[in-house]
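The values are calculated or read from the model by the stated rules, or taken from the named source; none is laboratory data. Only a predicted model underlies this, so the values are computations on that prediction, with no experimental measurement involved. Reconstructed Cβ throughout: ideal geometry from the backbone, glycine too, with neighbour counts over all protein chains shown.
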Amino acid sequence: MKFTFDLEKNKVVFAVTRIFFLVVFLVVSIGFLVWEFGGLLAWNQESAKNDLVSGLVVRLDGENVLVANAAEEESSQSEAVVVSEDARPLIIRRYLEKYKSPLAPYSDLIFELSETYGYDYRWIVAIAQQESNLCKKIPEDSHNCWGYGIHKNGTLKFDNYELALRSYAEYLKRVYFDKGLNTPETIMKKYCPSSNGSWAYGVSKFMDDMENGNF
């Protein structure tokens, strides 16, 4: 009789123990799921925040919705601008090399001087093209490719092309751009007043050729 009682008692204890461990297991499982859900929710919120900070641009294209990252678009545009700007010295060099100009080794200097004095990088080259076929038709040993300082009283000469470029770049700014003469037509009236318009036309064409790569 006692043996039977002990057996029943053991069964009860075993059943209670199983229930206890089952409850513990369920509690732990629920806690783990809650923790996982909370982590996932926090990650989604952080991701959404980062997307917002990055600046997602949503625009409609017919029935399709296109999503583009504004920061990436801005970066691409900046890179495009940089590439375009950095190409200018190369454009100068290739243009001068195309016409076998002795100014070709000074393409970087031409760009730097244009930047220093704040005018378009094509001016120095275009005027040299108009005035001397890019230094191929100039007074002997003058290094003067722009026809300035050349008159009946004498010819302005320089020891080399670098000195000529530095002098002319400053002259162009001081005598023309600083006085509001900043187009081929307005410059022509003072630079070459006897021209019938061909001077301005030529300078404009050479500038357009450089800009459009027509060389």
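Data overview
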read-out	value
Residue match in region 174-192 (condition: under 27 Å from the mean Cα position of the chain (by Cα), in the same structural domain as Arg94 (by TED's automatic domain parsing) and not hydroxyl-bearing (Ser, Thr, Tyr))	yes
Residues that are among the basic types (Lys, Arg) and part of a helix (DSSP H, G or I), drawn from region 97-106	Lys98
Selection count where residues are acidic (Asp, Glu), in contact (Cβ under 8 Å) with a residue 12 or more places away in the chain and assigned to a loop (DSSP other than H, G, I, E, B), scope region 107-165	3
Some residue of region 198-205 being within 18 Å of Phe111 (Cβ to Cβ), surrounded by 12 or more Cβ atoms within 10 Å (Cβ to Cβ), of a type in the set (D, E, K, R) and within 31 Å of the chain's Cα centre (by Cα)	no
Pair list, Cβ under 8 Å, 6 or more apart: region 177-197 residue farther than 17 Å from Tyr121 by Cα, other residue of a type in the set (A, V, I, L, M, F, W, C) and assigned to a loop (DSSP other than H, G, I, E, B)	Lys189/Leu181; Lys190/Leu181
Condition check for Phe215: outside any helix (DSSP H, G or I), more than 21 Å from Gly149 (Cβ to Cβ) and touching a residue at least 24 places away in the same chain (Cβ under 8 Å)	yes
